[in-house]
Amino acid sequence: MNNSAEGLKPGDELPPLAILPVDRMMLARFGCASGDFNPIHLDLDFARRAGMPDVFAHGMLGMAWLGRMLTAWIPQGRLRRFDVRFQGVTHLGNAITCRGRIVDVPIVEGERCARIEVSNTNQFGQIKILGEALVSLDGGCPA
Amino acid sequence: MIVIDRRWIGHELPPYEVALERGRLRAFAAAIGETDPVYTDVGAARAAGFRDLPAPPTFLFGAGLEAGSLMQVLGEMGVPLSKLLHAAQGFTYHRAVCAGDVVAVRSWISDIYDRKAGALQFVVESTEVRDSSGQLAAELRATLVCRNQPPA
């Protein structure tokens, strides 16, 4: 959309991003690569002692998928703010779809921006993450 | 029931530096399924206007965990890891951080509050990340919840 910011309006949707079902390998790779070694995502024994039926996805893995959806749509340098609330546990086997919808096109600190409501939902329609991103429609930040 | 002492509000975690390496950034991109070559190919990153491979938008969260001081402080607060969940996360971006940068990370406990008659105890950690030139590159807000029941 790099050159077509002009026509953006509330209600417009970003191209959704579909993610493969969560499996243990995905969690192991993300734990190691991200630096988040909380054993509740990696160690079944620990997860069960914590009262969970099994390991589950890192919240930040779900947020990273939302980040992919955003940077597939706009260059990363245009991202100003990105806030999420984790609504529910993303379990093994959950196939997440990331969605984004423009809710406002405000001027923020002199920049034309788009405020985007973002969400992660699994294949059963359960919302796992809700949040908001603010992106500049004028240009990037210093690289 | 665990009740976190409000006196931890304002507590500063030990500052530290993180060197961003291309290999680490490529491994992160692979782990999140990122296929845009901007995140793995230096030529593509430079063509997109970056000095080198950019850190993806949420990368700095994990880099901030690496020092382990947050987990240590939570332990000192009496929060067991098994009761801890990530409730919310926020980022404000000022400048790109890229492979080759050494970023300075400074974090502090900015808030502690509870909900549901104390059953949920929230801890907010705020972080500032500065790039090699000392300029503010990003601000992070991590809200963690200590729950006295397993989540649904």
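Rule-based calculations on the coordinates, nothing more; no lab input. All figures in this text were calculated on a predicted structure; none of them were measured in a lab. Note that each Cβ is placed from the backbone with ideal geometry, even for glycine, and that neighbours are counted across all protein chains shown.
Of note:
- Of B:S133, B:V3, B:L60, farthest towards positive along the dipole that unit charges on Lys, Arg, Asp, Glu beta carbons give chain B: B:V3
- Cβ-Cβ FRET estimate between A:E13 and A:I127, R0 fixed at 22 Å, reported to 0.05: 0.85
- Rounded to the nearest 500, the helix-only mean residue ellipticity at 222 nm of the protein assembly as shown stands at -6000 deg cm²/dmol, with each DSSP H run of n ≥ 4 adding -39,500 (n - 2.57).
- The charge dipole of chain A, taken about the Cα centre with unit charges on the Cβ atoms of Lys, Arg (+1) and Asp, Glu (-1), comes to about 180 debye, rounded to the nearest 20.
- Residue (of B:G43, B:P14, A:V105) at the positive-pole extreme of the protein assembly as shown, dipole from beta-carbon charges: A:V105
- Chain B: C-alpha gyration tensor shape, a/c 1.5 cut-off, then a/b vs b/c: prolate
- Charge dipole (the protein assembly as shown, unit charges on Cβ, about Cα centre) - positive-most of A:A114, A:F56, A:V135: A:F56
- Proximal lysines to B:K83, defined as alpha-carbon separation beneath 17 angstrom and excluding residues fewer than eight positions away on the same chain: B:K116
- Placing +1 on the Cβ of every Lys and Arg and -1 on the Cβ of every Asp and Glu, with nothing else charged, gives the range B:6-147 a dipole about its Cα centre of roughly 380 debye.
- Axis angle, to the nearest 10 degrees, between helix A:24-34 and the longest C-alpha principal axis of chain A: 60 degrees.
- What the phi angles of the range B:92-101 give under the Karplus curve with 6.51, -1.76 and 1.60, with θ = phi - 60°, is a coupling list of 10, 10, 10, 9, 5, 10, 9, 3, x, 6 Hz, glycine and proline written as x.
- Percent RCO, i.e. relative contact order, over chain B, from Cα pairs under 8 Å lying at least 6 residues apart: 30 percent
- Point-charge dipole on Cβ atoms (K/R +1, D/E -1) for the protein assembly as shown, about Cα centre, debye to 20: 460 debye
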